[in-house]
Amino acid sequence: MTDIIALSIVCLAALIHASFQLSISTLTLMSGHSLGHGRSHMRLLSLLGGFTLGATTMTTLLLCTLGLLLSYLVTSQQVPSVLWAASCGMLFGVGLAVWLFYYRKGKGTMLWLPRQTAEFLAERSKKTKNTGEAFALGLASVFGELLFIAAPLLVSVLIILPLAPSVQLSGILLYVGISMSSLLIVAMLVSGGHKISEIQRWREANKTFLQFTAGSALFVLGFYLYVNEVLTIPLAAGGLAS
Amino acid sequence: MTGDKAIDIVKSSGKRSTESFSRDKLHHSIKAACLSERSHDGEATNTADKVCDAVIIWLEQRPVVTSHDIRRVASKHLTRYHPGAAYIYEHHRYTI
């Protein structure tokens with residue numbers, strides 16, 4: 001696998017991560033409460049900055065920690081097929097889960113999360129007053145969605161691990177940058193003066209499309225990796241591939 | 001009209017006990033919804049006053065209502081003055 005293909009796969013996985021909505025929902029809620037309490041624009045900016053920085057930090061930490069743990073398993077330049085097979089299974093499973101029940105039925109953008117986690121994040125977003133709390137909320141919001149982001153994270157780590165160190169760094173930066181892009185866009189819209197209701201209405205109107213796209217992308221990525229990393233290697237070893 | 005009315009509000013979840021209707025509490029939540037839509041403070045206060053008055057008129061013949069009823073009626077009146085704020089007021093619990 002060339003570096004370009006490897007980084008392209010990382011980009012696709014990061015785009016899938018970016019389509020997940022828990023951090024965006026929490027950011028929207030926090031911004032609404034901050035404006036509702038009549039806090040200044042500077043305070044809103046600092047909260048948005050703290051939250052985005054927190055989410056970015058947690059994503060980087062998760063990616064690097066998973067990389068460190070898997071580096072003990074992947075000792076050579078080749079990731080074991082069994083690990084790829086497990087990752088592909090995870091991609092298919094999460095893809096199906098996203099298709100079937102990422103959003104709860106009914107109005108709004110309620111996510112399929114344990115209600116205690118959702119209520120905790122909603123309550124914390126109401127009580128967030130300073131940058132430190134916003135940073136912690138950003139950390140928690142990424143961690144809360146671990147069930148869904150685990151698959152794209154795992155695949156990205158498996159792709160990045162065998163690369164040269166400088167390309168590994170590019171892969172990490174690409175993943176973190178792209179996966180945070182949706183959050184950054186919403187933060188910029190809020191700080192630029194857009195109404196929360198407009199953002200929330202757009203999210204609600206397009207939730208089915210986002211859900212279908214994320215689920216389909218997980219399937220496409222899983223299928224591609226299964227063919228290239230699980231099926232092709234034994235065929236090549238048996239002299240059946242060119 | 002800033003005091004509490006002798007009307008019991010049954011909480012929607014059913015987990016908490018009933019409480020008396022508080023105009024201030026309703027006013028605060030409607031004003032917050034307007035402010036979150038970037039209304040000016042005076043405009044938000046005016047809108048909240050109008051909505052609270054309309055809700056109190058609706059409440060006069062009802063000794064017991066649920067918090068969901070209050071939210072629905074307040075939201076209906078708020079839509080006339082500020083549709084964006086009404087959307088936020090009604091939907092903020094369905095965001096996450």
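The values are calculated or read from the model by the stated rules, or taken from the named source; none is laboratory data. Predicted model only: the values in this text are computed from it and were never measured. Here the Cβ positions follow ideal geometry from the backbone for every residue, glycine too, while neighbour counts run over all protein chains shown. Calculation scope for accessible area: heavy atoms of the full protein, side chains included, ligands and nucleic acids excluded. Shrake-Rupley method; radii C 1.70, N 1.55, O 1.52, S 1.80 Å.
So here's what we get for this one:
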quantity: Condition met for residue B:29 (of a type in the set (Ser, Thr, Tyr), modelled with pLDDT under 95 and open to solvent by 30 Å² or more (accessible area, probe 1.4 Å)); calculated: no
quantity: Considering residues of region B:47-79 that are closer than 22 Å to residue A:115 by Cα and within 14 Å of chain A (Cβ to nearest Cβ) only, the residue nearest to the chain's Cα centre (by Cα); calculated: B:71
quantity: Per-region count, region A:112-133, residues basic (Lys, Arg) and either in contact with a Ser or Thr (Cβ under 9 Å, 6 or more places away or on another chain) or open to solvent by less than 50 Å² (accessible area, probe 1.4 Å) (or both); calculated: 2
quantity: Yes/no for residue A:89 being in contact with a His (Cβ under 7 Å, 6 or more places away or on another chain) and either open to solvent by 10 Å² or more (accessible area, probe 1.4 Å) or among the β-branched types (Val, Ile, Thr) (or both); calculated: no
quantity: Residues located in region B:32-64, provided they are of a type in the set (Val, Ile, Thr) and crowded, with 19+ Cβ neighbours inside 10 Å; calculated: B:47, B:51, B:55
quantity: Check on residue A:174, open to solvent by 40 Å² or more (accessible area, probe 1.4 Å), at pLDDT 95 or above and in contact with a helix residue (DSSP H, G or I) (Cβ under 6 Å, 6 or more places away or on another chain); calculated: yes
quantity: Unmet criterion (only one of (1) open to solvent by less than 50 Å² (accessible area, probe 1.4 Å); (2) of a type outside the set (S, T, N, Q); (3) within 13 Å of another protein chain (Cβ to nearest Cβ)) for residue A:37; calculated: (1)
quantity: Residue tally, condition open to solvent by 40 Å² or more (accessible area, probe 1.4 Å) and of a type outside the set (Gly, Ala, Ser), over region A:162-171; calculated: 3
quantity: Residue match in region A:44-64 (condition: open to solvent by 70 Å² or more (accessible area, probe 1.4 Å) and modelled with pLDDT under 95); calculated: no
quantity: Residue check, residue A:136 open to solvent by less than 20 Å² (accessible area, probe 1.4 Å), away from chain B (no Cβ under 14 Å) and part of a helix (DSSP H, G or I); calculated: no
quantity: Residue in region A:174-199 that is farthest from the other protein chains (Cβ to nearest Cβ), counting only those that are among the polar types (S, T, N, Q) and within 29 Å of residue B:40 (Cβ to Cβ); calculated: A:191
quantity: Yes/no for residue B:82 being in contact with a Cys (Cβ under 6 Å, 6 or more places away or on another chain), within 14 Å of chain A (Cβ to nearest Cβ), in contact (Cβ under 8 Å) with a residue 12 or more places away in the chain and not aliphatic (A, V, I, L, M); calculated: yes
quantity: Some residue of region A:145-160 being away from chain B (no Cβ under 14 Å), in a helix (DSSP H, G or I), open to solvent by 50 Å² or more (accessible area, probe 1.4 Å) and free of Cβ contacts under 8 Å to residues at least 60 places away in the same chain; calculated: yes
quantity: Residue match in region A:93-104 (condition: charged (D, E, K, R), at pLDDT below 90 and open to solvent by 50 Å² or more (accessible area, probe 1.4 Å)); calculated: no
quantity: Pick from region A:184-223, criterion charged (D, E, K, R) and without any contact (Cβ under 8 Å) to a residue 40 or more places away in the chain, ranking: surrounded by the fewest Cβ atoms within 10 Å (Cβ to Cβ); calculated: A:198
quantity: Any hit, region A:108-122, residues being within 14 Å of chain B (Cβ to nearest Cβ), charged (D, E, K, R) and touching a residue at least 12 places away in the same chain (Cβ under 8 Å); calculated: no
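Residues are listed down the side, and each one gets a yes or a no for (1) within 21 Å of the chain's Cα centre (by Cα); (2) under 29 Å from residue B:29 (Cα atoms):
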site: A:17; (1), (2): yes, no
site: A:27; (1), (2): yes, yes
site: A:54; (1), (2): yes, yes
site: A:63; (1), (2): yes, no
site: A:81; (1), (2): no, no
site: A:87; (1), (2): yes, no
